[in-house]
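Peer 1: Handing you this structure, nothing more for now.
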Amino acid sequence: MIRVEDLSVRFGDTQVLHDVSFEVAAGESFALVGESGSGKSTILKALAGQVPVAGGSLALGDAAGAMTAKARARQVQMVFQDPYGSLHPRRTIDDTLSEPLLIHGLPDRDTRVLAMLDAVGLPRRFRFRLPHQLSGGQRQRVAIARALMLDPPVLLLDEPTSALDVSVQAEILNLLKSLREEKGLTFLLVTHDLPVVSFLCDRLAILKAGRIVEMAGVEALRAGQFASPYGRELFDRTVHG
Amino acid sequence: MTTRDWLLSDDPETRMQARLGVAYRLARDLARNPLAMVGFAIILGLLLVAAFAPWLAPYSPVEGELANRLQPPSWTHWMGTDELGRDILSRVIHGARITLTIVLLVAVISAPLGLLVGTVAGYFGGWVDRVLMGLTDIFLSLPRLVLALAFVAALGPGIENAVIAIAIAAWPVYARIARAEVLTFKGAEFLDAIRMQGASKLRIIALHVMPLCMSSTIVRVTLDMAGIILTAAGLGFLGLGAQPPLPEWGAMISRGRSFILDQWWVATMPGFAIVIVSLGFCLFGDGLRDVLDPKQRSRG
């Protein structure tokens, strides 16, 4: 479903990604783990079409090769880290959820918006509220709903819970897990939070300074048995604070 | 459930109710500011006077009796008469129409133009930004009245040309403000999100970027109305705005200048009108800013 081959990205003279390659099968949930600055978010942005690719190739969803922005939107959507910054402050929840349908000229906006509110567990009476009338967790539900409005097979998750309270984090993670099972979604998750990975993902790649240093299954994470020294270092830091 | 509760409901049931609720909150906040209400009353008064000018004015604004020239204020002529024996009150009342036309036309032309230039420059950045802002800087570097004078001189005197000239001189400020506003949220994730949905650039700028710049532009336009009135009056005073016998306030002051020592009312009465209306727009604009833009709330 996602194939990344020898991906390189540079900002000016600095190369932030060096020949990154990995594949994610349909329905799989894959995590990119690493410290800040390791380039994990840049991979997401490259897949989202938001940063120019310097080398290598990307394939997403059912289509291969270059895509228009509209075609890409039907294949992949993203849930952002900060639910306070990812919703337009002057648009109601209804506006935010209807917008993708309007852009793509899809019918039955009312029924689809209501069905999506139900699916992400938001009361229907919130439909015409503005973002500032919602809590962080509710906003993140709206952001997830927005990402699912076009029924994309792939969802990119950029630290979707790190800006939320611990109690709300669990709710959002459960929601993501059940949505994935229901709709057969493919997840690509970026995080530095290893417990989130073990809850939500099947496999993970550990990044350091723009390179993948190790790929492992989630069992290796649970057992704390990484092959690479950096992987073990990262694990030890999480476990022992 | 009262209408008020319905408007203030946290859970509106329809789009309409949500929009009315937002509008009601704005109006309520504005009504709590007494100075803004004074400004609003003045503007409302101007609108009414302009709308009903032919019925309110006791005499004709353009015809006078020469036998009655330069009469001081009295019960028959509340503001006196001018050098052609015309009733000044009637002229001031009819002048409200001209002033309102100029102010509205300038606002309608220059605010959208400035908003468009500013948001496009801010959103695209790079060379688009440099070119548009370079142009804006050139217009900004010239004093507004001088620039308007130059355009009127080129286009010929008259109200329409005065409007065009003032509008050309007024838009750069709005462009600057809109651009600055765009830069504050340009990197926000809600714009990344809308780009990921495949929205066209036109759609993003018109529906997602512009609404966020709208309130600061509206506030600025209201505050600028006073300046626009003064510029129009200045052009009229110099004989480049409205032409005789139109009762434009600035032109009236200009005619009254020759008698200012002995017949003070000829120049003073239209001057009062300009001051009061300008003040009204300033007070209302200040109140609007407090409501729409709580970040810059004035102290006190």
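Computed from the coordinates by the stated procedures, all read-outs in this text should not be read as laboratory data. Worth saying up front: this structure is predicted, and the values here are computed from it rather than measured. Cβ coordinates were reconstructed from backbone atoms using ideal geometry, including for glycine residues, and neighbour counts include every protein chain displayed.
Peer 1: How large is ³J(HN,Hα) for each residue in segment B:72-86, as worked out from phi by the Karplus curve 6.51 cos²θ - 1.76 cosθ + 1.60 (θ = phi - 60°), to whole Hz, x for Gly and Pro?
Peer 2: My calculation for segment B:72-86 gives x, x, 8, 5, 7, 10, 4, 10, x, 10, 9, 6, 10, x, 8 Hz in order.
Peer 1: Explain nothing, just compute: Karplus ³J(HN,Hα) = 6.51 cos²θ - 1.76 cosθ + 1.60, θ = phi - 60°, for every residue of segment B:246-255 in order, whole Hz, x for Gly and Pro.
Peer 2: Coupling constants for segment B:246-255: 4, x, 7, 4, x, 5, 5, 4, 4, 5 Hz.
Peer 1: With just the Cα atoms defining each centre, how far is segment B:48-101 from segment A:188-221? Give it in Å.
Peer 2: If you average the Cα positions of each part, the centres end up 82 Å apart.
Peer 1: May I pose another question? Which far-off residues, 5 or more places away or on another chain, put their amide H under 5 Å from the one on A:L207, with H placed in the peptide plane?
Peer 2: A:V33, A:G34, A:V213
Peer 1: So if I place +1 on the C-beta of Lys and Arg and -1 on the C-beta of Asp and Glu, and nothing else carries charge, what would the dipole magnitude of the protein assembly as shown be about its Cα centre? I want it in debye, nearest 20.
Peer 2: Using Cβ point charges on Lys, Arg, Asp and Glu, the protein assembly as shown gives about 500 debye.
Peer 1: At A:S198 and B:T184, where each label point lies 7 Å from the Cα along Cα→Cβ, what is the point-to-point distance in nanometres?
Peer 2: A separation of 4.5 nm, rounded to one decimal place.
Peer 1: Oh, and also: Between segment B:132-210 and segment B:1-47, what is the C-alpha centre distance in whole Å?
Peer 2: Spelled out, the Cα-based centre of one part sits 29 Å from the other.
Peer 1: Within 10 Å of each Cβ in peptide B:169-181, how many partner chain Cβ atoms are there on average? Round it to a whole number, please.
Peer 2: 0
Peer 1: Give, in nm to one decimal, the length gained when the segment between B:A31 and B:R203 is fully stretched (0.36 nm per residue of separation minus the Cα-Cα distance).
Peer 2: My answer for the length gained is 58.5 nm.
Peer 1: Would you please give the residues with an amide H less than 5 Å from that of A:S29, counting only those at least 5 places away or on a separate chain, with H modeled from the backbone geometry?
Peer 2: Distant-sequence amide H within range of A:S29: A:F187, A:D202, A:R203.
Peer 1: Please report, in debye to the nearest 20, how large the charge dipole of chain A is about its Cα centre when each Lys and Arg carries +1 at its beta carbon and each Asp and Glu carries -1 there.
Peer 2: So the dipole magnitude of chain A works out to roughly 660 debye.
Peer 1: While we're on this one: How well do other chains shield peptide A:125-136, expressed as the mean number of their Cβ atoms within 10 Å of each residue Cβ?
Peer 2: Neighbouring Cβ atoms belonging to other protein chains average 3 per residue here.
Peer 1: If the cut-off is 16 Å between C-alpha atoms, which aspartates and glutamates fall inside it for A:K70, apart from same-chain ones fewer than 8 positions away?
Peer 2: A:K70 reaches A:D62, A:E99, A:D151, B:D192.
Peer 1: Right, next: Hey, got the average number of other protein chain Cβ atoms within 10 angstrom for residues in A:78-91?
Peer 2: So the per-residue partner count for this stretch is 5.
Peer 1: Going by a ≥ b ≥ c, the root eigenvalues of the Cα gyration tensor, does chain B fall in the rounded group (a/c under 1.5), the prolate group (a/b larger than b/c) or the oblate group?
Peer 2: Oblate is the answer for chain B, as a/c is 1.5 or above yet b/c matches or exceeds a/b.
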